[in-house]
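Worksheet: the structure to be examined is printed underneath.
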Amino acid sequence: MDIETLLSYKWSLMTPEFIILGAATILSLLDLFMPKMVNRKLLGWLGLAGILAALVSSISLIGAGTDSILFDTFRLDSFAKAFKLLLLIGAAFVFLIALSYEPKEGMKEYRGEFYYLFLAALLGTMMMSSSGDLITLFIGLELLSISSYVLAGMRKTNIASNESAMKYVINGGISTAITIFGLSYVYGLTGTTNLIDMSEYLKMVSDTQHVYLLGLAFFMVFVGLSFKLATAPFHMWAPDVYQGAPTPVTAFLSVVSKTAGFIIMIRILVSVFLTIPAEGPDGFSTIPLLLKIQDYIAFLAAATMIIGNVVALRQRNIKRLFAYSSIAQAGYLLVVVATLSPFLFDTLWFYLGAYLFMNLGAFAIIQLVTQKTGSEDISQFAGLYRKAPLLAIMMAVFILSLAGIPGTAGFIGKLNIFMGALAVEPAHYVLASILIATTVVSYVYYFGIMVQMFFRPAVNDVKFKLPSTVGIVIGICAFATILFGIFPNIALDFLQENFNQFRDFFQ
């Protein structure tokens, strides 16, 4: 490729990615050459500035039309633009939480590494959202995964952190191998790695053996991605990793990484497997293969909701409890994938946005309480209302939203999922019923935290000094949780007006 061809590409489409890449490179060089006595929080502020610059750049690209470069391997469509906003906003909040993170051991000397590894993981998620090719999807996935493995074990002198990183690496490696093995079948049958070309080729599949292999490929890809999303029965690694990882990393895995997982699932499943015609008794039907096997996805969604909420009832460690809560939330989102309603993208985007605010706000308070008390037991929240009334009220807002109580963004998100399950033909009545039943079960452990905060005497007299960065996260997240719960059309109208309801996804 000559220089003229290289310069002819519209590199402006990748401006947000270039900003994050540049910020990560600069931070790594500064960390290498800065004297050890210089506080590495400076790198955190520089990294945050890079994320905000990328966010501004992404917003400026909203008005741009659908376009692609590098032989359609990088696509800037409505899907990519909408989900990049969530990724960058979530990353900015995690950075603010990390700036005030002061563990007792094993982190201070590696703080610089944390910041640029986090930016590398963020870059991977952004590449996944814009990928139009299996190769770039895989590169983005591995950039996210490998960075996350290191981040989970960042507290190198902490045994729990080491254990979490090891379990994460083993499970992540297995899931990647299964995913790639499944995708190799698709590549072998189509002869291309481009998602749109794959889709066009698979529409014309007429060989029963090919359909059989594609069905096998689907299950391998779905199982591999289920590990990444921590959906049942592939969730076993999540509680240990969430507990052992530094709190900002746990927040990142529960929100930004999970969002990226659903991005790659939708990119692959909807753009590839939704176009494959299923084999019926009278030959090939017009019903896509993905619709024929959606009951299997529905079964895993139901199992994920049940296991996540039921096992959470017995948890005493607050981070493990939120790990099982995150598993249950993945089950709710899997309902959206299983039902394949006409509002698939809108519902998924809104719920992931609501989950971003309510979960990151809760983790900001969890970090503050666990750092001050030196324990992650739920009992440390006892009497929080008497010691820090505002913190307790904010935590209550996030918990109510996670539980799906009316007046919060979480309620609107679950309502959209519920209505989407009933809007298709045939309606998924059983799945919708399980969603409601498991949501009611979640009230037990969510409200158990509120009982500790408001109705139990304090176990200590620790005073909470709210860092400014954590205060910003808590304030914005609480405001957004209430705002989108009362006026959800603000987000939904913005989505429909600026992203054309993702109609360009298949173009």
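Rule-based calculations on the coordinates, nothing more; no lab input. This structure is a prediction, so every number in the text was calculated from the model and none was measured. Counting neighbours? That spans all protein chains shown, and the Cβs are built from the backbone with ideal geometry, glycine included.
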- Item | Trp11 versus Asn39: modelled label distance in nm, points set 7 Å from Cα along the beta carbon direction | 3.6
- Amide H contacts under 5 Å for Arg75, restricted to residues at least 5 apart in sequence or on another chain and with H modeled in the peptide plane, are Ser131, Gly132
- Treating only the Cβ atoms of Lys and Arg (+1) and Asp and Glu (-1) as charged, compute the dipole magnitude of the chain about its Cα centre; round to the nearest 20 debye. 2160
- Of all trypsin sites (Lys or Arg not before Pro) in the stretch 128-222, the ones in DSSP coil with at most 12 other Cβ atoms within 10 Å are Lys203
- Item | Reach of Lys292 by Cα under 20 Å, taken over lysines that are not fewer than 8 positions away in the same chain | Lys203
- Can you tell me the FRET efficiency between Phe479 and Phe18 if r is taken as the Cβ-Cβ distance and R0 is 35 Å, rounded to the nearest 0.05? 0.65
- Message: Let me test this: with uniform point scatterers at the alpha carbons of the stretch 296-507, what is the Debye-based log₁₀ I(q)/I(0) at q = 0.09, 0.10, 0.17, 0.18 1/Å?
- Response: -0.37, -0.45, -1.13, -1.23
- Task: Let me know the charge dipole size of the stretch 386-507 about its Cα centre in debye, to the nearest 20, where only the beta-carbon of Lys, Arg (+1) and Asp, Glu (-1) is charged.
- Result: 680
- If unit charges are put on Cβ atoms (+1 for Lys and Arg, -1 for Asp and Glu) and the dipole of the stretch 296-507 is taken about its Cα centre, the option from Tyr332, Phe345, Ile472 lying farthest towards the positive end turns out to be Ile472
- Query: Which angle from 0 to 90°, rounded to the nearest 10, does the C-alpha axis of helix 15-33 make with the longest principal axis of the chain?
  - Reply: 50
- Query: Nearest 10 degrees, 0 to 90: what angle lies between the long axis of helix 344-373 and the longest principal axis of the chain (Cα atoms)?
  - Reply: 20
- Task: Determine, for the stretch 296-507, the count of lysine pairs separated by eight or more sequence positions (or lying on different chains) whose alpha-carbon distance falls under 30 Å.
- Result: 10
- Query: Roughly how many debye, to the nearest 20, is the charge dipole of the stretch 296-507 about its Cα centre, given +1 on each Lys and Arg Cβ, -1 on each Asp and Glu Cβ, and no other charges?
  - Reply: 940
- Quick calc: nm separation of the 7 Å Cα→Cβ label points for Tyr212 and Val444 -> 4.6
- Task: Quick one: angle between helix 294-312 and the longest Cα principal axis of the chain, in degrees between 0 and 90, rounded to 10, please.
- Result: 10
- Ala437/Ile170 FRET efficiency (R0 35 Å; Cβ-Cβ; nearest 0.05): 0.55
- Item | Estimated [θ] at 222 nm from DSSP helical runs (n ≥ 4, -39500 (n - 2.57)) normalised by residues in the chain, nearest 500 | -24000 deg cm²/dmol
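Using R₀ = 25 Å, calculate the FRET efficiency as 1/(1 + (r/R₀)^6) where r is the Cβ-Cβ separation of Met236 and Phe181; round to 0.05.
Efficiency at R0 = 25 Å is approximately 0.75.
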- Express in nm, to one decimal, how much length is gained between Leu274 and Val451 on full extension, taking 0.36 nm for each residue of separation and deducting their alpha carbon distance. 59.1 nm
